[in-house]
Each structure stands twice: as C-alpha cells, then as structure tokens.
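Structure, as structure tokens:
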Amino acid sequence: MKSGDVEIDETELRKIMGKPIVKYSDMPTEMGSEAVEIVTMALDKFQANKNYEAAAQLIKNTMDKKFGLSWHCAIGEGFGFDITCHRTFLLHVYYGQAGVLCYKC
C-alpha cells in the first residue's frame, strides 16, 4: 500500500455501495428523490440475479405512471451515453455495481 491510501474493509465497502450515488440530475429536488427511490426499489428487487432488463422495465413503467409518458431507462455495469432529452428530466445514478440512466424524451 502507498502512503495516503486508505484501506476499506468489505463491510464498509458494502455500506458505501448500498446507497445510490447520484452522478447527475437536473430534475427538481422532489422529483429526483422520488426517481432515486424508484431506481433503488427496482434494483433491490432484480439485482441479485442481475436481471437488469426487468429492472429497467419496472423503472420505465413506474416513471411513466408517476411522471407522464415517454420515459426511457438503461441499466448496465459498463456503458456510455450521448442522448437528447427534455430539460429537467435526466437522472444518472450508480447503485451497487450498476449504472442507471433515466430520461424523458
């Protein structure tokens, strides 16, 4: 180990990775917090068997019902993106090992 490196044990790492990390959001605060709750709920349900397709479908359908139609959701462990979407309708979150992108277009 180099000087200045911090060693994190497995329980601390799981605690850190067990919380959603919002990379970018231009949603209003209340809407963004509700969207993060929807994402964490869906990933908690489907992440154990890595069924990201079902999680993305659940997130999309829930967002469509709650915030209106035309939501899209992409989930994966490694992806990049370049999209065009409505202003104030974009959320990029990391939760555990998965990255989640939700947007309305």
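What does the charge add up to near Asp64, with Lys and Arg as +1, Asp and Glu as -1, over the other residues with Cβ less than 14 Å from its Cβ?
Around Asp64, the charge tally is +3.
Starting from 0.36 nm per residue, how many nanometres of slack lie between Asp44 and Thr29 once their C-alpha separation is accounted for?
3.2 nm
Determine, for each peptide in 90-102, 30-42, 74-86, 48-60, the mean count of other beta carbons within 10 angstrom over its residues, then list the peptides with the highest first. Intermediate results must be reported in sequence, preceding the final value.
Working: 90-102: 19.9, 30-42: 18.0, 74-86: 11.3, 48-60: 15.9.
Highest to lowest by the protection proxy: 90-102, 30-42, 48-60, 74-86.
Hey, if we sort Asp64, Asp44 by accessible area with the 1.4 Å probe, largest down, what's the order?
Greatest to least solvent exposure: Asp44, Asp64.
Which length gain, in nm to one decimal place, applies between Gln97 and Lys66 when the Cα-Cα distance is subtracted from 0.36 nm times their residue separation?
Between Gln97 and Lys66, full extension yields an extra 8.5 nm.
Testing the spin-label approximation: label points 7 Å from Cα along Cα→Cβ at Ile21 and Ala54. State their distance in nm.
Here the modelled spin labels are 2.7 nm apart.
The values are calculated or read from the model by the stated rules, or taken from the named source; none is laboratory data. Model, not experiment: these values are computed from the prediction. Cβ coordinates were reconstructed from backbone atoms using ideal geometry, including for glycine residues, and neighbour counts include every protein chain displayed. Just so you know, the surface numbers come from the protein's heavy atoms only, side chains and all, with ligands and any DNA or RNA stripped out. Shrake-Rupley method; radii C 1.70, N 1.55, O 1.52, S 1.80 Å.
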